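Just below is one structure, and these are the notes that go with it.
The values are calculated or read from the model by the stated rules, or taken from the named source; none is laboratory data. Worth saying up front: this structure is predicted, and the values here are computed from it rather than measured. For neighbour counting, all protein chains shown are included, and Cβ atoms are generated from backbone atoms with ideal geometry for every residue, glycine included. Just the protein is used for accessible areas: all its heavy atoms, side chains included, with ligands, DNA and RNA removed. Shrake-Rupley method; radii C 1.70, N 1.55, O 1.52, S 1.80 Å.
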Amino acid sequence: MPGKVFIETFGCQMNVADSEQILGRLGQAGWSPVDTPEAADLVVFNTCSVRDHAEAKIRSRLGVLREQKRGQPGLKIAIAGCMAQREQADLLKKWPHVDVVVGTDQFARLPELIERLDVTGRIAATDFGDWEDDFGANAVREPGVNAYVPVMRGCNYNCTYCVVPNTRGREKSRRPEAVEAEVRRLVGEGFKQITLLGQTVDAYGKTLGDGSNLAGLLRRLHAIDGLLRLRFVTSHPKDISDELLDTIAELPRVAKHLHVPAQSGSDRILRLMGRRYGRDEYLHFVERARSRIPGVELLSDFIVGFPGETDAEFEQTVSLMEQVRFGGAYVFTYSVRPGTPAVRLPDDVPEAVKKQRCNRLLALQLDHQSEQFRALHGQTVEVLVEGESKTDPDMLHGRTMGFRHVVFPKREGLVGTLHRVTITRSTPLTLFGE
Ligand code: SAH
Ligand code: SF4
Ligand code: F3S
């Protein structure tokens, strides 16, 4: 019965990693991957619910699939990931051409669910479950320099705007031995840079109850021969201990950048968001990070237009950005998510104002980045070479320790090595060098 499978992934790095696992499980059951939905007997969408925009894109792709299935009635369609977890069996009601809905902890069962469709009929499996020790053993990864390794799933925070606690369940950490075994295998296969993944990855280990923490995990993995760089995303400012900061500073192959979303610079909005820190506490974290890890790059996410956000409160976010001067920032306009605590608050900031605020923060961030980049002109930085530049096949691209994107002329044999590059010029997003 197994045939050809096409998988499309939406959303964050965690979903990309889950798709690698899904392909692995299906591969074991005899499914072989193809590059287009038209060539497939089974189409899997691994979905994201973080903003309505993400779900709208998936709804539109589902509409296209409905047309395809009209001409190819044997086509099987499976929805996995966060939207599957959020809507569960309702998805089957809304989309009669969908055969299987599989939640964020259930994708290992996908081959079996497909196989038994004749017996069970259209089906949704959305219970939350535990880690399995062989999690990751079968993942099908794109060969290259980078591999992503989930070390935690779920989230125990309850930021009021966020759908992730609903779609990924309670926080759970993977055993350090299992993580180490996977990373050893990946480095043996030739991967050079490992990124550890978790929604609040700096809280790693808490649920294991044996004293495990991220600092300890970093030390353990750092000792693996052949690993050139180790990094992790995403952090919550409340969970970053001094021990963790000192460990990052001490271990030479741990990347010197932290993605620690601030979300807002206004105390009142932060409180309404349920972030569990205020502006001063965030600024104090920035000071701690910078004093303990010289040259660390800080990256942030911001949400603009949260319910009730006034002009003055937005200006607080602008001033936080001015004060910190981040190395990079993602800015999102607030999107009401069904089932989150913030649905009780009226979504009262007009769309046009949200857009304006978003553009303003993005422009300010670009100013800061341009300035930081110009200061690097003439300096030599160490870059991990990741591959050919996406826009110019005669150029290579790589990343600095601070995760800055650097483009420079191609030479054979550099991909996957550390290389010294002298910065000659820059655009707001990219450094160019020789
Ligand atoms: N676990 C990570 C990332 C969560 S989702 C963390 O806690 O930082 C990634 C980003 O999407 C968040 O940092 C937030 O800035 C944004 N986001 C989450 N929910 C949103 C919503 N309802 N509307 C707009 N942006 C949102
Ligand atoms: Fe969402 Fe907050 Fe958890 Fe991040 S920390 S995943 S924003 S609830
Ligand atoms: Fe990721 Fe989207 Fe789920 S950002 S955790 S795939 S809601």
Q. Two-decimal Rg/Rh of the chain from alpha-carbon positions, Kirkwood Rh?
A. 0.96
Q. Do the sum for the chain: with -39,500 (n - 2.57) for every DSSP H run of n ≥ 4, divided by all residues, what is the mean residue ellipticity at 222 nm, to the nearest 500 deg cm²/dmol?
A. -10500 deg cm²/dmol
Q. How big is the accessible area of Ser370 in square angstrom, nearest 10, if you roll a 1.4 angstrom probe over the protein chains?
A. 20
Q: Evaluate the distance, in nm, between pseudo-label points positioned 7 Å from the Cα of Tyr330 and of Asp118 along their respective Cα→Cβ axes.
A: 4.3
Q | region 103-209, relative contact order in percent, only Cα pairs under 8 angstrom and at least six apart counted | A | 30
Q.
Taking the Cα centroid of region 360-434 and of region 1-63, what is the distance between the two, rounded to the nearest whole Å?
A. 32
Q) How far apart, in nm, are the 7 Å Cα→Cβ label points at Ser241 and Gln379? A) 3.1
Q. If amide H atoms are built 1.01 Å from N in the plane of the peptide, which residues on other chains or at least 5 residues away come under 5 Å of the amide H of Glu386?
A. His397, Gly398, Arg399, Gly416
Q: Quick one: order Ser241, Ser389 from most to least accessible surface, probe 1.4 Å.
A: Ser241, Ser389
Q: Could you grab the relative contact order for the chain? Cα pairs under 8 Å, six or more apart, rounded to a whole percent.
A: 10
Q) Kirkwood-based Rg over Rh for region 10-142 (C-alpha set), two decimals? A) 0.93
Q: Under a 10 Å cutoff between Cα atoms, tell me which one of Val421, Val44, Val100 has the largest fluctuation in the Gaussian network model of the chain.
A: Val421
Q | Rg/Rg_globular for region 173-293, with Rg_globular taken as 2.2 N^0.38 Å and Rg from C-alpha atoms | A | 1.13
Q: Classify region 319-434 as rounded, prolate or oblate, taking a ≥ b ≥ c as the square roots of the eigenvalues of its Cα gyration tensor: rounded when a/c is under 1.5, otherwise prolate if a/b is larger than b/c and oblate if not.
A: prolate
Q: Do me a favour and compute the ellipsoid semi-axes for region 380-433 from its Cα gyration tensor, root of five times each eigenvalue, largest one first, whole Å.
A: 15, 13, 10
**Q.** For region 275-360, the spread of Cα positions along each principal axis, largest first, Å
**A.** 42, 26, 20
Q.
Whole angstrom only: what separates the Cα centroid of region 129-200 from the Cα centroid of region 225-272?
A. 17
Q. In square angstrom, what is the accessible area per residue of the chain with a 1.4 angstrom probe?
A. 42
Q) Cysteines of the chain lacking any other cysteine beta carbon under 4.7 Å? A) Cys12, Cys48, Cys82, Cys155, Cys358
Q. How about region 339-403: which trypsin sites (Lys or Arg not before Pro) there are in a DSSP loop, with at most 12 other Cβ atoms within 10 Å of their Cβ?
A. Lys390
**Q.** region 4-125 - percent of accessible surface contributed by carbon and sulfur, probe 1.4 Å
**A.** 50
Q) Taking amide hydrogens as modeled 1.01 Å from N in the peptide plane, which residues meet the under 5 Å criterion relative to Tyr330, leaving out close sequence neighbours? A) Ser300, Asp301, Phe302
Q: Compute the relative contact order of region 146-374 as a whole-number percentage, counting only Cα pairs closer than 8 Å that sit 6 or more residues apart in sequence.
A: 18
(Q) Normalised by the empirical 2.2 N^0.38 Å for globular proteins, what value does the Cα Rg of region 146-374 take? (A) 1.06
Q) Asp130 to Asp348: extension gain in nm, 0.36 nm per residue of separation minus the Cα-Cα distance? A) 74.5 nm
Q: Check each of the GluC sites (Glu not before Pro) in region 92-138 and keep only those in coil by DSSP with at most 15 other C-beta atoms within 10 angstrom; list them in order.
A: Glu132
